[in-house]
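*Asks:* Let me give you the structure first, and then I'll get to my questions.
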Amino acid sequence: MSCRRSPDLVVGAIYSIADNGGRFGIVKLLARDEGICHVRVYKQKFGSRPERVDPSKLSLGTIHDKDGFGMGHLPLSDEAFRAWQPVLISKTLVTSEELEGYRMWKEASGGVF
């Protein structure tokens, strides 16, 4: 089933995800195209799956941060996104600023991970 046809994946929603190191991260679903989930990956990591997060406390950071960094836009196949075991935390709106990377990806006919 493609991301576009998955009613359980909500654009604007914030999800907790499992990383392969036994920790949990936070992503926001920015947009969906056929079979593609476009996410923003925040730098914050947790030892257990968070049930709540304050969106105003989430950040992308920079590659110079000692505690890691996120990504403003990451295009993932539906299967790759689901492999992260996303769990809905809250629903928010997507801002024009958050879609900047998505627009650049679309203009460049970018690839998918």
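*Asks:* Kindly report the accessible area of the chain per residue (heavy atoms of protein chains, probe 1.4 Å, no ligands, DNA or RNA), in Å².
*Replies:* With the other protein chains kept in place, the chain gives 59 Å² per residue.
*Asks:* What ³J(HN,Hα) values, in whole Hz, does the Karplus curve 6.51 cos²θ - 1.76 cosθ + 1.60 give for region 99-113 when θ = phi - 60°, with x put for Gly and Pro?
*Replies:* Working through the residues one at a time gives 8, 4, x, 5, 4, 5, 4, 5, 4, 8, 6, x, x, 9, 9 Hz.
*Asks:* Once amide H atoms are placed 1.01 Å from N in the peptide plane, what residues at a sequence separation of 5 or more from I89, or on another chain, have their amide H within under 5 Å of its amide H?
*Replies:* I14, Y15, S16
*Asks:* Right, something else. With θ taken as phi - 60° and the coefficients 6.51, -1.76 and 1.60, list the Karplus ³J(HN,Hα) couplings across region 8-15 in order, rounded to whole Hz; mark glycine and proline as x.
*Replies:* 7, 9, 10, 4, x, 6, 9, 10
*Asks:* How large is ³J(HN,Hα) for each residue in region 49-56, as worked out from phi by the Karplus curve 6.51 cos²θ - 1.76 cosθ + 1.60 (θ = phi - 60°), to whole Hz, x for Gly and Pro?
*Replies:* Karplus values, whole Hz, x for Gly and Pro: 5, x, 8, 9, 9, 8, x, 6.
*Asks:* Of the labelled options (i) 44, 32, 25; (ii) 64, 33, 21; (iii) 34, 29, 26, which one gives Cα extents along the principal axes in Å as computed for this structure?
*Replies:* Given (i) 44, 32, 25; (ii) 64, 33, 21; (iii) 34, 29, 26, the calculated one carries the label (iii).
The values are calculated or read from the model by the stated rules, or taken from the named source; none is laboratory data. Keep in mind that this is a model prediction, so the values were computed, not measured. Calculation scope for accessible area: heavy atoms of the full protein, side chains included, ligands and nucleic acids excluded. Shrake-Rupley method; radii C 1.70, N 1.55, O 1.52, S 1.80 Å.
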